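Everything below concerns the one structure shown next.
The values are calculated or read from the model by the stated rules, or taken from the named source; none is laboratory data. Everything quoted here is computed from the prediction, not taken from an experiment. In this analysis, Cβ positions are derived from the backbone assuming ideal geometry, glycine residues included, and neighbour counts consider all displayed protein chains.
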Amino acid sequence: MKPLTFADVTPESLYLNRRQIMAGMTAMTAAALAPRAARAEDLKPNTFEEITGYNNYYEFGTGKEDPAANASMLKTDPWTVKVDGMVDKPGDYALADLLSGLKVEDRVYRFRCVEAWSMVIPWQGVPLAALLDKIGVQPSAKYVAFETLLRPEEMPGQKMGILDWPYREGLRIDEAMHPLTLMATGLYGKPLPNQNGAPIRLVVPWKYGFKGVKAIVRITLTDQMPQTTWNMMASNEYGFYANVNPNVDHPRWSQASERRIGGGLFGGRQDTLMFNGYEDQVASLYKGMDLAVNY
Ligand SMILES: Nc1nc2c(c(=O)[nH]1)N[C@H]1C(S)=C(S)[C@@H](COP(=O)(O)O)O[C@H]1N2
Ligand SMILES: [Mo]
């Protein structure tokens, strides 16, 4: 049986006029309507305004509205990506050359930040596996590491010591090769807005959002587990794996539920799904691993 959503139990006219009726609702009614279970099929995308107006991108400030306000100062053309390490075709690639021959796909994914908010985002991009096949991963490579552009003149946050710049992330090779893993270059059919990581960013839908490194300028194949920004910052709070897991809480807050951005005051809280709802596709990658240890 499908759990009811706030929309299910609310006539459309009231739903649209929520603001007007809110004043008349008692706190008790609101509490009764608030908790709802997430539905695996609940993939209604957030609006373009929500996706591009509420961001994490510390190079442009720590506030959720800072990236939208400040990221336009980043120049994304021309853009060069260094490919190095254990690859057959290393080099400094112009972005268009790196992507040439790769098919851009549409992917609507749940997005779950470690801070316990979430969205649904209609990305466009190329599977990372296709890109890795193109550059030729050598058998000795066990991980892929990514770096964001380091350009403090255009990324003012990099003049502050909030994080150890440049922002860095990484994946195990099998995670990187998984068909769900995307190098996003667009959303809603438009080129990726700067605040979302233009011109190219990583999207791993079963992991917390911080794995999704933005404005990538370097891809390194290595046999060592890469250092990752948030793990370096607070290793007891942010692990290398960062798989979405409602059963493993962050030391300072619960990960059992999440606030869906745009869900409204009463409808926005929902259960967090194991591997963010992608358990059937990815659980086998972590067979035999203790997910509370490898968080
Ligand atoms: N370079 C860089 N990449 C980053 C971040 C950042 O601060 N800098 N924030 C991460 C975090 S915590 C999240 S939740 C997502 C947010 O992506 P969005 O703004 O497109 O929703 O980007 C991730 N990638
Ligand atoms: Mo995040």
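In region 50-79, the residues that are in contact (Cβ under 8 Å) with a residue 24 or more places away in the chain and among the acidic types (Asp, Glu) reach residues that are more than 10 Å from ligand 1 (Cβ to nearest atom) and not in a helix (DSSP H, G or I) with C-beta atoms within less than 9 angstrom, at least six apart or across chains, in these pairs: Glu50/Gly262; Glu59/Leu74; Glu59/Arg151; Glu59/Pro152; Glu59/Glu154; Asp77/Pro199.
Kindly provide the set of residues from region 128-145 that are touching an Asp or Glu at 6+ places or on another chain (Cβ under 6 Å) and within 21 Å of Arg168 (Cα to Cα), ordered by number. Before the answer, list the steps.
Quick first cut of region 128-145, residues touching an Asp or Glu at 6+ places or on another chain (Cβ under 6 Å) only: 136, 140, 142.
Lys142 - this is the single residue of region 128-145 that is touching an Asp or Glu at 6+ places or on another chain (Cβ under 6 Å) and within 21 Å of Arg168 (Cα to Cα).
For region 257-295, give me each residue that is part of a loop (DSSP other than H, G, I, E, B) and either under 19 Å from Thr181 (Cβ atoms) or in contact with a strand residue (DSSP E or B) (Cβ under 7 Å, 6 or more places away or on another chain) (or both).
Within region 257-295, Ile261, Gly268, Thr272, Leu273, Tyr278, Lys287, Met289, Leu291, Asn294 meet the criteria.
Applying the criterion of at least 1 residues that are modelled with pLDDT under 95 and within 16 Å of ligand 2 (Cβ to nearest atom) to the helices (runs of 4 or more DSSP H) found wholly in region 13-72 leaves an empty list.
Does Gly170 count as in contact with a Phe, Trp or Tyr (Cβ under 6 Å, 6 or more places away or on another chain), under 21 Å from Pro127 (Cα atoms) and more than 12 Å from ligand 1 (Cβ to nearest atom)? When the stated conditions are applied, Gly170 passes them. The set of residues in region 100-119 being touching an Asp or Glu at 6+ places or on another chain (Cβ under 8 Å) and more than 11 Å from ligand 1 (Cβ to nearest atom) is empty.
Please go through region 116-150 and pick out each residue that is hydroxyl-bearing (Ser, Thr, Tyr) and assigned to a strand (DSSP E or B). Steps first, answer last, please.
Taking region 116-150 as the starting set, the residues that turn out to be hydroxyl-bearing (Ser, Thr, Tyr) are 118, 140, 143, 148.
Result: Ser118, Tyr143, Thr148.
When you scan region 222-240, do you find a residue that is more than 19 Å from Asn56 (Cα to Cα), part of a strand (DSSP E or B) and more than 19 Å from the chain's Cα centre (by Cα), even just one? Before the answer, list the steps.
If we filter region 222-240 for residues that are more than 19 Å from Asn56 (Cα to Cα), which is where we start, we get 222-227, 235-236.
Those left that are additionally part of a strand (DSSP E or B): 222.
Those left that are additionally more than 19 Å from the chain's Cα centre (by Cα): 222.
Yes, region 222-240 contains a residue that is more than 19 Å from Asn56 (Cα to Cα), part of a strand (DSSP E or B) and more than 19 Å from the chain's Cα centre (by Cα).
Among the conditions (1) surrounded by 20 or more Cβ atoms within 10 Å (Cβ to Cβ); (2) at negative phi; (3) away from ligand 2 (no atom under 14 Å from the Cβ); (4) among the hydrophobic types (A, V, I, L, M, F, W, C), the only one that Met177 does not satisfy is (1). Which members of region 241-260 meet the condition of being hydrophobic (A, V, I, L, M, F, W, C), touching a residue at least 60 places away in the same chain (Cβ under 8 Å) and surrounded by fewer than 20 Cβ atoms within 10 Å (Cβ to Cβ)? Scanning region 241-260 gives a single hit, Trp253. Only residues that are of a type in the set (Gly, Ala, Ser) and away from ligand 1 (no atom under 16 Å from the Cβ) were counted across region 137-167, and they come to 2.
Give the number of residues within region 142-164 that are more than 16 Å from ligand 2 (Cβ to nearest atom), among the aliphatic types (A, V, I, L, M) and surrounded by fewer than 18 Cβ atoms within 10 Å (Cβ to Cβ).
Initial filter on region 142-164 (more than 16 Å from ligand 2 (Cβ to nearest atom)): 142-145, 147, 149-156, 158-161, 164.
Applying the additional criterion that residues be among the aliphatic types (A, V, I, L, M) yields 144-145, 149-150, 155, 160.
Checking which are surrounded by fewer than 18 Cβ atoms within 10 Å (Cβ to Cβ) leaves us with 150, 160.
The total comes to 2.
Scanning region 76-116 for residues being in contact with a helix residue (DSSP H, G or I) (Cβ under 7 Å, 6 or more places away or on another chain), among the charged types (D, E, K, R) and within 16 Å of ligand 2 (Cβ to nearest atom) gives a total of 2. The C-beta contact set for region 206-224 (first residue closer than 11 Å to Met86 by Cα and touching a residue at least 60 places away in the same chain (Cβ under 8 Å), second residue of a type in the set (Phe, Trp, Tyr) and within 16 Å of ligand 2 (Cβ to nearest atom), distance under 8 angstrom, 6+ apart or interchain) comprises Ile219/Phe146; Thr220/Phe146.
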